[in-house]
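Okay, so here's the structure we're looking at.
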Amino acid sequence: MTRPLNIALLGATGSIGRQTLDVIDRNPGRFKLFGLTEGMRSSNREAEHLVRGQAGEEGFDAQVEAMVTDPRCDLVVVAIPGARALPPTLSALRAGKEVALATKEVLVMAGALVMKAAGAGRAQGGLPERQGIRPIDSEHSAIWQCLWGEERENVRRLIITASGGPFWAHPDLDLDQVTVEQALNHPRWSMGPKVTIDSATLVNKGLELIEAHHLFGISLDAISVCIHPQSVVHSLVEFTDGSLKAQLGRPDMRLPIAVALAYPDRLPEAVPPTTIGEISGLEFHELDETRFPSVRLAREAAVGGRGRPAVLNAANEEAVNSFLAGELPFSGILPAIQRALDAFPGCRESLEDILEADRWTRDYLRNKSGTVGRA
Ligand code: MG
């Protein structure tokens, strides 16, 4: 490469954002921080485009739009949480940019729209090694790497691994009594509070199932989830000849970030090498869907379509916030999601309708007697 890759980073001060800055800083000849957004905190960085504030604030959305569609921008890292990431992701893809995607909600809410935008952007050209969307979610990075050089018709099944969170290994624990501190105590990964709670409920795996379905074009019933408490095997792909391929490594998000930024190259010393001791004694277990029904719930929402995955996502965010605020027991999170899904009348899958389904769900759960009228 003759010049560094110009990177726009949406969400520079969150966990993924800070680790992305670390990968960029350690490879100055290869990457350049071309633009960034930051919220309340400052990253103390300079860049061509520096956008401060929150989505929806005056001027913010237009400045982000200008940044991600700037002809000099090569790659957009999407690491702002939730529904706010959707419009700029669509803009970047439509402008033919490579997108390194950490925000799974984008594909959960609007997978069909996003993949269509990726295809349209690709048709416009761009980098010769263009991929479209490069996953940063560790499981999807693993599956992506397992698929490199493979023919799609030879893939039989994707197997997403789950650590199981803090409660899986304690089947006698009463989930009604779980405290916020217990739920935030993830055994393997250090992450933000939302995704840590999603790991404890396994809703995270439900969202990742939908994400994988769209990203890799694999049918929902050919994707399964298994419990792997050591979090060393990040996911697996089964092929028609009976082969299983897996990607292994330390639970360190800088590795999938490095893979996404450097594709199709690999960055030297992106993370310390995994020792044989670290990969000994690996265990895999079937997921108990009776105790943890999240994956089934997500699969049903995705099969139902018509905005249901967006409702699933928004209802989960609302329920997790209520749990973190001490207003809802841990065991109330999934029933709240189910209530919203049951009440939702369905919608078209346009950006406007999906964002409206997101708002509808939050209103519905915030005032449960609220109107459920919108079609
Ligand atoms: Mg993940």
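A short reminder: the numbers here are calculations on the coordinates, not readings from a lab. Predicted, not measured: the structure shown is a model, and the values here were computed from it. Here Cβ is always computed from backbone atoms with ideal geometry, including for glycine, and neighbour counts include all displayed protein chains.
With the dipole of the chain worked out from charges on the C-beta (+1 for Lys and Arg, -1 for Asp and Glu) around the Cα centre, which of THR201, PRO335, VAL51 lies farthest toward the positive end? About the Cα centre, the residue reaching furthest to the positive side is VAL51. DSSP beta bridges fully contained in the chain are about 30 percent antiparallel.
Charged side chains reduced to their Cβ positions (Lys and Arg at +1, Asp and Glu at -1) give the chain a dipole of some 680 debye around its Cα centre. What whole-number distance in Å separates the alpha-carbon centres of the range 154-218 and the range 82-122? Centre-to-centre distance over Cα atoms comes out at 23 Å. For a test of the definition: using alpha carbon positions, the gyration tensor, and the 1.5 limit on a/c, classify the chain as rounded, prolate or oblate. Rounded.
Measuring between their Cα centroids, the range 345-369 and the range 230-271 lie 36 Å from each other.
GNM on the chain, alpha-carbon springs under 10 angstrom: the most fluctuating residue among GLY132, GLY217, GLY346 is GLY217. Phi angles across the range 300-309 convert, under the Karplus curve 6.51 cos²θ - 1.76 cosθ + 1.60 with θ = phi - 60°, into 3J(HN,Hα) values of 4, 5, 5, 5, x, x, 6, x, 4, x Hz, Gly and Pro given as x. Each residue of the range 205-218 is assigned a 3J(HN,Hα), and the resulting list reads 6, x, 5, 5, 4, 5, 4, 5, 4, 6, 4, 10, x, 9 Hz, derived from the Karplus form 6.51 cos²θ - 1.76 cosθ + 1.60 (θ = phi - 60°), x at Gly and Pro.
Sketch the reach of a paramagnetic label on HIS285 as a point 7 Å from Cα along Cα-to-Cβ, and name the residues of the range 222-259 whose backbone nitrogen lies under 16 Å away. Inside the label zone: 225-232. Of the residues LEU147, ILE257, GLY96, the one whose Cα sits farthest toward the positive end of the charge dipole of the chain, with +1 on the Cβ of Lys and Arg and -1 on the Cβ of Asp and Glu, is GLY96. Compare the Cα positions of ALA117, SER350, PRO309 along the charge dipole of the chain (+1 at Cβ of Lys, Arg; -1 at Cβ of Asp, Glu; about the Cα centre) and return the one farthest towards the positive end. With unit charges placed on the Cβ atoms, the residue in question is ALA117. Using the Cβ-Cβ distance between LYS116 and GLU300 with R0 set to 35 Å, the FRET efficiency works out to roughly 0.90.
Whole-Hz Karplus values for the range 5-17 come out as 6, 7, 10, 9, 10, 8, x, 7, 9, x, 4, 5, x Hz, taken residue by residue from phi with 6.51 cos²θ - 1.76 cosθ + 1.60 and θ = phi - 60°; glycine and proline positions read x.
Extension gain, GLU356-ILE276: 0.36 nm per intervening residue step, less the Cα-Cα distance, totals 23.8 nm. A helix-only calculation puts the chain at -12500 deg cm²/dmol for mean residue ellipticity at 222 nm, using -39500 (n - 2.57) for each DSSP H run of at least four residues, averaged over all residues.
Averaged over residues, the count of other Cβ atoms within 10 Å places the peptides 31-42, 204-215 in the sequence 204-215, 31-42, highest first.
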